[in-house]
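Since the structure comes first, as structure tokens, the remarks are kept for the end.
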Amino acid sequence: MTMTGTDPDTGTDPGTDPGTDIGAARPFPRLWPSLGWILFYMIVQFICTIAAMAVAAAGDPSTMTAAMNNPETVMSNPSIAMSVVWGLVGAGIITLMLLAMNVLKDGRAARIGLFTPSRLPLLETLGTAAVLLIGAFAVNWAYTTYVVPGVELQADIIAILKALDATTTGMILKFLAVALMAPMIEEILFRGYLQTALVQRMNHHVAIWLAALVFAAIHLQPLATPALMVLGAAFGYLYHRTGSLQTCILLHVVNNTAALVFSS
């Protein structure tokens, strides 16, 4: 599991001009298009969720109306929870399809290390991932215990997942939305696109933390932003060290799957 002859910041061959595609003239990834993809993902999530809730309301208007009249019960209502998760799955499918069209051409996947194995030996890769993730968990534990006691990193989504009925459909949707699609999309957008674009402009430490800040901010949980930022930086440093986006995606999948299991 070793990759040689690659640049430590981008995971690409150092002989390749960092400002150009492989086989293309235009730079990739670029900063503003990367931010545009992130904004697009947020908008698609919002639209798909609203559409799924509208369909649920048409099928069960009394339940949906009662929940909406009592905002405190919205996140714990099974019908609303199911519609939100359907919306997330729909948004994930749309975004992944469009991302595939964007990244699987002109050697772009190689530019961001999408299918590239880690440049580090297997044991060093696992050790680096373990140190970064354990370190992030330790910081987050201290933050949620002493700085903002009791704050949950993803309170809304946890409430929604807990409200889902324990059906096969519900379990499959939860896994697709939270443990599979979200890690793939977030790693491509925040590490593959945004962090790589920022590294071309500034010191890699600054780039990693800026990308992590955007990653935390889009979760729209102000009190949890510092903790989410630390987690994002852990993935960012793993990407920087390994040059492999697939390694980050795999670790992110493992992290989200564990969170899904423990939140159920």
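Of note:
- The per residue volume of the convex hull around the alpha-carbon atoms of the stretch 204-264 is 81 Å³.
- Computed from Cα atoms alone, the Kirkwood hydrodynamic radius reported for the stretch 86-200 is 17.0 Å.
- Euclidean distance between Cα centres, the stretch 147-171 to the stretch 189-217, Å: 28
- Ranked by solvent-accessible area (1.4 Å probe, protein heavy atoms only, all chains present), the residues Lys162, Lys174, Lys105 order from largest to smallest as Lys162, Lys105, Lys174.
- Here the Karplus curve 6.51 cos²θ - 1.76 cosθ + 1.60, taken at θ = phi - 60°, turns the phi angles of the stretch 172-180 into couplings of 5, 5, 4, 5, 4, 6, 9, 8, 10 Hz, with x standing for Gly and Pro.
- Note, ³J(HN,Hα) from phi for the stretch 146-160, Karplus 6.51, -1.76, 1.60, rounded to Hz, x at Gly and Pro: 10, 8, 10, x, x, 5, 9, 5, 9, 4, 5, 5, 5, 4, 5
- Computed packing ranks the peptides 197-209, 76-88 as 76-88, 197-209, most packed first, by mean other Cβ atoms within 10 Å.
- Remark: the stretch 157-206 projects, on average over all directions, an area of 4.2 nm² (convex hull of Cα atoms).
- Applying the Karplus relation 6.51 cos²θ - 1.76 cosθ + 1.60 with θ = phi - 60° to the stretch 84-94 yields 3J(HN,Hα) values of 4, 5, 4, x, 5, 5, x, 5, x, 4, 4 Hz, where x marks Gly and Pro.
The values are calculated or read from the model by the stated rules, or taken from the named source; none is laboratory data. Everything numeric in this text was worked out from a predicted model, so none of it was measured. Every residue, glycine as well, gets a Cβ built from its backbone with ideal geometry; the counts of neighbours run over all protein chains shown. These accessible areas exclude ligands, DNA and RNA; they are computed on the full protein's heavy atoms, side chains included. Shrake-Rupley method; radii C 1.70, N 1.55, O 1.52, S 1.80 Å.
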